[in-house]
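Student: Let me give you the structure first, and then I'll get to my questions.
The values are calculated or read from the model by the stated rules, or taken from the named source; none is laboratory data. Note that the structure is a prediction, hence the values are computed from the model and not measured. Don't worry about glycine lacking a Cβ; one is built from the backbone with ideal geometry, like all the others, and counts go over all protein chains shown. In case anyone asks, the SASA skips ligands and DNA or RNA and just uses the protein heavy atoms, side chains included. Shrake-Rupley method; radii C 1.70, N 1.55, O 1.52, S 1.80 Å.
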Amino acid sequence: MTLLLRNLQRAVPVRRAPLRRRLQLLRAALGVQRFDLAVVCVDDRTMRRVNAVYGRRDAATDVLSFPFHENLKAGELPQPDTPDDYNLGDIVLGVEHIFQRRRRDEDYLDILTVTATHGLCHLLGFTHSTEAEWQKMFQKEKQVLEELSRLTGTRLQPLSRGLF
């Protein structure tokens, strides 16, 4: 199904074609390529506004996820009833925030990929409010990123490593 990738900012460079390829690989690794997904890249100012309205924090952040199917258990794939239900939801990437906080030795595309993986796991019901939830999410991120690393020749590590 459709992957919508929009860059709504000009603060930092975003190479959409390579990011789109990574997102397609990510969807395949998670077995969700038949679902629609929107990924929107924004600057700090926009992310701060979105986070203030929906995340209830008046600060920029790296990723926010807005699931279409809100009551999924961690790792459960949606069971659509109608063609319109083949939608995972939306991921908002705070690309300026991500760019500014990456280490000098980190590849920007790799960090965007890892952050999108984290966001997509949230769309699939994973959370990290408790250590037990974090363990499940970390293992899923690790599994998916190992597959992506094998396919892309990179060494991707979960965003949530060391959270607890």
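Student: If a residue has to be among the polar types (S, T, N, Q) and under 18 Å from residue 72 (Cβ atoms) to count, how many in region 133-159 make the cut?
Tutor: 3
Student: Turning to a different aspect of this structure: Can you tell me which residues in region 64-81 are open to solvent by 40 Å² or more (accessible area, probe 1.4 Å), assigned to a loop (DSSP other than H, G, I, E, B) and not aromatic (Phe, Trp, Tyr)?
Tutor: Within region 64-81, 70, 71, 73, 74, 76, 77, 79, 81 meet the criteria.
Student: Now for a different question. If I go through region 144-164 residue by residue, how many of them are touching a residue at least 12 places away in the same chain (Cβ under 8 Å), outside any loop (DSSP other than H, G, I, E, B) and over 18 Å from residue 103 (Cβ atoms)?
Tutor: 5
Student: Out of all the residues in region 1-22, which are in a helix (DSSP H, G or I) and open to solvent by 80 Å² or more (accessible area, probe 1.4 Å)?
Tutor: Listed by number, the residues that qualify are 16, 20, 21.
Student: Which pairs turn up if I take residues in region 114-142 that are in contact (Cβ under 8 Å) with a residue 24 or more places away in the chain and closer than 19 Å to residue 27 by Cβ and look for partners that are of a type in the set (Ser, Thr, Tyr) and buried (at least 17 other Cβ atoms within 10 Å of the Cβ) with beta carbon separation below 8 Å, at least 6 apart in sequence or on another chain?
Tutor: 118/160; 119/65; 120/65; 122/65; 123/65; 137/160; 141/117; 141/160
Student: Could you go through region 47-56 and let me know if any residue there is open to solvent by less than 30 Å² (accessible area, probe 1.4 Å), more than 23 Å from residue 136 (Cβ to Cβ) and not β-branched (Val, Ile, Thr).
Tutor: Yes, some residue in region 47-56 is open to solvent by less than 30 Å² (accessible area, probe 1.4 Å), more than 23 Å from residue 136 (Cβ to Cβ) and not β-branched (Val, Ile, Thr).
Student: Within region 23-35, how many residues are open to solvent by 60 Å² or more (accessible area, probe 1.4 Å) and assigned to a loop (DSSP other than H, G, I, E, B)?
Tutor: Looking only at that region, the number is 2.
Student: Looking for whichever is open to solvent by 40 Å² or more (accessible area, probe 1.4 Å) and either part of a helix (DSSP H, G or I) or closer than 16 Å to residue 38 by Cβ (or both) here; the options are 105, 84. Which one fits?
Tutor: Unique residue meeting the criteria: 84.
Student: Let me ask you something else. Within region 87-102, which residues are out of contact with any helix residue (DSSP H, G or I) (no Cβ under 6 Å at 6 or more places or on another chain) and in a loop (DSSP other than H, G, I, E, B)?
Tutor: Of everything in region 87-102, nothing turns out to be out of contact with any helix residue (DSSP H, G or I) (no Cβ under 6 Å at 6 or more places or on another chain) and in a loop (DSSP other than H, G, I, E, B).
Student: The conditions are (1) within 19 Å of residue 35 (Cβ to Cβ); (2) out of contact with any Gly (no Cβ under 7 Å at 6 or more places or on another chain), and residue 124 fails exactly one of them. Which is it?
Tutor: (2)
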